[in-house]
1. I'd like the full set of residues that are out of contact with any Pro (no Cβ under 7 Å at 6 or more places or on another chain) and either in a loop (DSSP other than H, G, I, E, B) or polar (S, T, N, Q) (or both), limited to the stretch 1-15.
2. Being among the aliphatic types (A, V, I, L, M) and either in a helix (DSSP H, G or I) or touching a Lys or Arg at 6+ places or on another chain (Cβ under 6 Å) (or both): is that true of V142 here?
3. Quick one: would you say L232 is under 18 Å from T162 (Cβ atoms), in contact (Cβ under 8 Å) with a residue 60 or more places away in the chain and under 16 Å from the mean Cα position of the chain (by Cα)?
4. Can you tell me how many residues in the stretch 173-202 are of a type in the set (A, V, I, L, M, F, W, C) and surrounded by 15 or more Cβ atoms within 10 Å (Cβ to Cβ)?
5. Out of (1) more than 16 Å from T7 (Cα to Cα); (2) touching a residue at least 40 places away in the same chain (Cβ under 8 Å), the odd one out for A51 is which?
6. Out of L22, L18, L43, I need the residue that is out of contact with any Pro (no Cβ under 6 Å at 6 or more places or on another chain) and more than 24 Å from G238 (Cα to Cα). Which one?
Amino acid sequence: MQGLFITATGTGVGKTILSAALLAAMAAEGQEVRAYKPVVTGLADPAEIAARGDWPADHELLGAMAGMQPEDVAPLRYDPAVSPHLAAQLAGERVDPAGLLAGARAVAASLGTDGAGSLIVEGVGGLLTPLTDDHSVCDLAVSLGLPVLIAAGTGLGTINHTLLTLRVARAAALEVRAVVLTPWPATPSTIERSNRETIGRLGEVAVAGLALVESPQRSGLARAGAELLAELRRQGAGF
């Protein structure tokens, strides 16, 4: 299975836009791509809907970039904006980690066997987000065995959040390719430049930036994704 697992330092730091930008850029390079996000929550939450603005729901955006039906991207979809394990409880269900793993593998298998395609798996929240009481997003990432990109914010607090996420990922023996700060401004401030340098130095990790993407149009996502891929490859962190 070739691809990447996209996680984040928390909710709302650009994980879905990062995933969509990579999908759009790789598709523009001629790669066959697939997307998988095991669980989506908050689909009927007024605050979540307002925050999205003109952007579609996560699985719809990923599906559009990967040429897939949204329901094939996200097998579990819930209305409340809560953790996956609670969303399932409220619906009278229980998340089946084995089923989610099988779903990801099935999507990957649809790429064929020539090794030319890539799967982008977007996690839910951060690595320690519970899928069940005894199974986390980190456990799913370990089972998939894909290298990891960590989406992180650019401002105050991101050093601590990112180094904590790195520590959890490495304790689980995940291969972290890079941290991606998003959205990375055209003219970064002193704190943003310092945060980027400090995370790279203390975390001993490649750090790149994803430019601001202002709309869900494929062209803008592909452009930002292509710039990011070029930067990751320059740092030896691409694929």
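1. Hits for the stretch 1-15 are M1, Q2, T7, T9, G10, T11, G12, V13.
2. yes
3. no
4. 8
5. Status for A51: all satisfied but (2).
6. Within the list L22, L18, L43, the selection yields L43.
Read the figures in this text as sums done on the coordinates, not as results from a lab. Keep in mind it's a predicted model, so treat the numbers as computed, not measured. All Cβ positions, glycine included, derive from the backbone under ideal geometry; neighbour counts span all protein chains shown.
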